[in-house]
Amino acid sequence: MLETPDDLARLQALLDTSLARSTAHLRSIVNSERALTARQVTGALTGMCTLALSTVTVRGEPRVSGVDGHFLRGAWHFGTARTAAKARHLAARPAVSAAHLRGEDLGVFTHGTVRTLNPHGGRPAADWPELLRYFQDFYGRDTFDWDHDVVYYRLHPHWMAAFAHDPGALALLDDGRRPER
């Protein structure tokens, strides 16, 4: 799913305001030579990207786990088993942090809250049918009982930073796709 111009504008505003209100230390790392634009972020984050997702237990203890992240329409989307501990954490405390790293070459850090896209017995998000088609095409229609086994989330970010060691290496085609190697 390619981002709309509105998605890119919203993402760019988030990246700009997040960096502007960050510490001097972070701005020294994610500087003007290494910070990514919204178009570079969406071009680099195609397909499945492993996320380190941090949730919080009932006792306030942090927990980090890996999830399959999909960056669609300018936001992270991910799923887990409805019976997973992280699903319980997210139902009670939807604040999360997520990081996607590719060695020292690329880093995307996001803080925000999640919303369930397909609540069990509840009303799904308006774009759930479109997202479900995407996930079924990616994982296979028969991989899960999509109504009962898995729960999917959208991370609504309030802060995001993205950098690359060499942003020029993230060369994109005019339509935002990465060139084939």
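The values are calculated or read from the model by the stated rules, or taken from the named source; none is laboratory data. From a predicted model like this one, the values you see are computed outputs, not experimental measurements. Heads up, the Cβs are rebuilt from the backbone with ideal geometry, glycines too, and the neighbour counts pull from every protein chain shown. When the accessible area is computed, the model is the full protein with side chains, heavy atoms only, and any ligands, DNA or RNA have been set aside. Shrake-Rupley method; radii C 1.70, N 1.55, O 1.52, S 1.80 Å.
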Problem set entry | Placed amide H near residue 50: partners under 5 Å, 5+ positions off or other chain | 69
For this session: Kindly rank 64-77, 101-114 from highest to lowest mean number of other beta carbons found within 10 Å of each residue.
Result: 64-77, 101-114
Exercise. Tell me, what % of the accessible area of the chain is carbon and sulfur with a 1.4 angstrom probe?
Worked result: 54
For this session: Provide the per-residue ³J(HN,Hα) series for segment 125-134, in order, calculated from phi with Karplus coefficients 6.51, -1.76, 1.60 and θ = phi - 60°, each as a whole number of Hz, with x at glycine and proline positions.
Result: 4, 4, 9, 4, x, 5, 5, 4, 4, 4
For this session: Can you grab the distance from the C-alpha centre of segment 77-136 to the C-alpha centre of segment 46-66, Å, no decimals?
Result: 10
Problem set entry | segment 1-125, accessible area per residue, ligands and nucleic acids excluded (1.4 Å, Å²) | 51
